[in-house]
Every structure is written in C-alpha cells, then in structure tokens.
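Only one structure is covered here, and it is reproduced in the block below.
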Amino acid sequence: MKYLTLHTDSKMPALGLGTWQAAKGEVGQAVSKALSIGYRHIDCAHVYGNETEIGEALTSTRVPRQELWVTSKLWNNSQRPQDVRAALVNSLKRLCLDYLDLYLIHWPVQISHMVMSPQSATDLIPWTTEHALETWGALEECVKEGLVRHIGTSNFSTKKIQILLDNGTIRPAVSQVEMHPYLQQNRMRKFCADNGIIVTGFAPLGSKHRPAHQIKEGEPSLLDHPDIIAIAEKYETTLATILLGWAMTRNTSVIPKSTNPMRLQQNLAAADIVLDEKDMTVIKGLDAGYRFLDGSHWMMEGSSYTSKNLWDGE
Ligand SMILES: NC(=O)c1ccc[n+]([C@@H]2O[C@H](COP(=O)([O-])OP(=O)(O)OC[C@H]3O[C@@H](n4cnc5c(N)ncnc54)[C@H](OP(=O)(O)O)[C@@H]3O)[C@@H](O)[C@H]2O)c1
C-alpha cells in the first residue's frame, strides 16, 4: 500500500474505500472484506446513513486501530459551532471509535439544523466567511480534545481553503474533491502541494451509482474511453485499475466505492500500478473540467448558491 505524508507527519493510505451509496446490509460485509484483503482507509460520512454498520465491521476486524485510517464528514446541517462537537461525537459512536483520523466539512453549503436534505431554498442558509471560520474554530477545539487527529475540507475551492489558512490556527490536512481524468484539478493540486495539504479524489470511476436526479443526460463515461482502454490493455489490467493508478501516480489519494468482492480486489491492485510518463501525458489530454457532481442540487429556485459562488470559477 502506498502512503501519503500529511503536514503532521502522519501517514494516510493513498487508496481508501468509498462508502457513499453502499447499501445497508452490504456495506458492513464490504468493509470487512476490504480490511481482510489489505484496505486500511475507509471514507465515511454521516449523510451516507451507513456509519452504524461500518462501525460493526470496524469492531469485528482484527486490524489494530493504529493501522486504520477512518474519515468522516460534518453534514451541512451541523456547521453552527454549537453543533459541531455533537455531530462528531455521534459519528464516533456510530463508528464505534474513540477518535477519527480525519473529519471534513462536507460542503461549503449550510442548511437548517433540523433539515437533512433541503426541499426548498428556505432550508438553505447562505455561506459566509464568518460562519465558515466559526465552524473551523469548533473543529479545531475537537482536535485539541483528541476527538479527531486531522481536519479538512470537501468540495471547497482553493479560494475558500485560503480563508481557513489565513485565519485558522490548525491547517487543513486534506482537501477532498471530485477528481478523475475529465476533472484533473490541476489548480487544486498545485495549491495543496504549495500548502502541505493532501488531495483526495472522489468519484474516481465516474460515480455511476449516483441518484438518478443527479445524472445528466449524455454525460461522458470514464470506463469506456478508448485511450483508457488502450492503456489498460498495455498493463493487462482493468480500466478502473488504470483510473485509480493514475490518481496515485500523481501522489493524490483516491477512494473508489465498491461493495463487490471482485471489484474491491481489482481496485486494491491499483495501489501497485505506476503509469509511465507517456500514459500520463495521454490522460492529461482528457481534462475537460467536467464535474459529475456539480452541486446543482443546492441551486434550487430562490437559493443563494450558484455554480459561480460554489466553485469560485475553479
Ligand atoms: N466529499 C464528497 O462530497 C463526496 C462525493 C461523492 C463521493 N464521495 C466519496 O468518494 C467515494 C467514491 O465516489 P463515488 O462513490 O461517488 O463513485 P465511484 O467510486 O467513482 O464509483 C462507484 C461505482 O463504480 C462501481 N465500481 C467500483 N469498482 C469498480 C470497478 N473496478 N469496475 C467497474 N465499476 C466499479 C461501483 O459499483 P459496485 O459497488 O457494484 O462495485 C459503483 O457503482 C464515495 O463512495 C464517497 O466515499 C465524497
């Protein structure tokens, strides 16, 4: 397994298991299987609704806690400073853990405390720098208390991360963003390299299992691109292995979701693949700035969120 070194000198396994849309009744088995074959990094979130079953799998594993890397995410309805600690403690309880390795602000989007999924713009609260710094301050307190070892962001632009760097006392350790050959995040990678932040890529395989309302008509597919097929043939491996190997060859972390034992194994094999310069150049040419998860579900009529202020043009 390849490891990436964080600004604290801790090491994070570059390949992790994604758990979004991993169904109840399946996710626990998938986590157990993943741990038994060598995964050491599990990416969770309160909003995925499956942390309790993941906690059962974490409890029954023989892998020592110090060898595991567990990430969870603060949901958008708990960003008020008075709600942050309780949200983290609840994730810890569900996951049966004493501490998290990493806790991320899930989105730079705030929703009302009692609402899980906004139905209208009245459930949304405009995002402000002031509120983001209050959330960050509460997360810093959780680090000081030992509830979490690292904190970071998810779906934040470099502009928004810079605000935390300028005003916080603890540096974000990880920026989790959508990343794959159609969205190569070069600006984010450079910014994070300059600031000692690790980039983790989600939706590395194109996130085909997203809810139907999030899938756009005619969206491109990563798993049948002729260039990726040709590279996979050259390495005598699968397309998924190439996509994940590409991410790790760029020294980023990657968290593919699978609940299928065969695909869990295929994805793990990517940790041993290093693509050569020629193949990296071919894949470089596929960047299209294309987001599968474009955040448009936050942009319902009357919402203060727009593509422009969510992504800051990045
Ligand atoms: N921070 C955020 O806002 C955010 C957003 C999205 C995702 N995430 C995290 O990132 C993780 C990964 O992203 P994602 O789940 O959206 O999408 P993904 O990992 O790109 O794609 C998952 C889909 O690919 C299939 N798959 C897995 N391995 C495969 C293989 N070797 N060959 C072919 N198909 C394969 C899975 O099906 P099977 O299970 O049947 O194998 C599933 O349908 C999530 O699970 C979550 O932990 C974070």
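Bear in mind these aren't lab numbers, they're just calculated from the coordinates by the rules spelled out. Just so you know, these numbers come straight off a predicted model, no measurement behind them. Counting neighbours? That spans all protein chains shown, and the Cβs are built from the backbone with ideal geometry, glycine included.
Could you tell me the convex hull volume per residue, in Å³, taken over the Cα atoms of the chain?
On the way: hull volume 39.6 nm³, N = 314.
So the per-residue hull volume is 126 Å³.
Only helices enter this figure: runs of n ≥ 4 DSSP H residues, each worth -39500 (n - 2.57), summed and divided by the residues of the chain, yield -11000 deg cm²/dmol at 222 nm to the nearest 500.
Highest mean first, how do 169-179, 111-121, 128-138 rank when packing is the count of other Cβ atoms within 10 Å averaged over residues?
For the peptides 169-179, 111-121, 128-138, the packing ranking is 169-179, 128-138, 111-121.
Each Lys and Arg adds +1 at its Cβ and each Asp and Glu adds -1 at its Cβ; summed about the Cα centre, the chain shows a dipole of about 360 debye.
Summarising the amide proton neighbourhood of residue 110: residues at separation of 5 or more, or on other chains, whose placed amide H is nearer than 5 Å comprise 125, 127. Summary value for segment 26-123: 30 percent relative contact order, contacts being C-alpha pairs under 8 angstrom separated by 6+ residues.
Over the chain, Cα pairs under 8 Å with separation of 6+ residues give a relative contact order of 20 percent. Annotation for segment 6-60: trypsin sites (Lys or Arg not before Pro) lying in DSSP loop with at most 14 further Cβ atoms inside 10 Å of their Cβ are 24.
Residue-wise HN-Hα couplings along segment 22-31, as the Karplus relation 6.51 cos²θ - 1.76 cosθ + 1.60 with θ = phi - 60° gives them from phi, are 7, 5, 4, x, 10, 5, x, 4, 5, 5 Hz; Gly and Pro carry x.
The dipole here belongs to segment 121-182: it is taken about the Cα centre, uses +1 on the Cβ of Lys and Arg and -1 on the Cβ of Asp and Glu, and is about 260 debye.
For segment 40-47, putting each phi into the Karplus relation 6.51 cos²θ - 1.76 cosθ + 1.60 with θ = phi - 60° gives couplings of 10, 9, 10, 9, 10, 6, 3, 5 Hz, in residue order, rounded to whole numbers and with x for Gly and Pro.
If you take the square roots of the eigenvalues of the alpha-carbon gyration tensor of segment 1-51 and sort them as a ≥ b ≥ c, do you get rounded (a/c under 1.5), prolate (a/b over b/c) or oblate?
Judged from the Cα gyration tensor, segment 1-51 comes out oblate (a/c at least 1.5, b/c at or above a/b).
Over all distinct Cα pairs, what is the inverse of the mean 1/r for segment 171-314, reported as the Kirkwood hydrodynamic radius in Å?
16.2
How would segment 143-190 be classified by its alpha-carbon gyration tensor: rounded, prolate or oblate, with rounded meaning a/c under 1.5 and the a/b versus b/c comparison settling the rest? It would help to have the intermediate numbers written out before the result.
On the way: a/c = 3.43, a/b = 1.78, b/c = 1.93.
Taking the square roots of the gyration eigenvalues as a ≥ b ≥ c, segment 143-190 is oblate.
Ordering 197, 76, 265 by Cα displacement along the dipole of the chain toward the positive end leaves 265 in first place; charges were set at the Cβ atoms of Lys, Arg (+1) and Asp, Glu (-1). Count Lys and Arg as plus one, Asp and Glu as minus one, and take only other residues whose Cβ is under 15 Å from that of residue 125; the net charge is then -3. Scanning residues 5 or more positions from residue 41 or on other chains, those with amide H under 5 Å from its amide H are 17, 69, with H placed 1.01 Å from N in the peptide plane.
What fraction of the Cα pairs in segment 4-124, stated in percent, has a spacing above 23 angstrom?
Distances greater than 23 Å cover 33 percent of the Cα pairs.
Name the long-range amide H neighbours of residue 100: under 5 Å, sequence gap of 5 or more, or other chain; modelled H, no Pro or chain starts. It is 148, 149, by chain and number. About its Cα centre, segment 51-169 has a charge dipole of approximately 120 debye under the convention of +1 per Lys or Arg Cβ and -1 per Asp or Glu Cβ, with nothing else charged.
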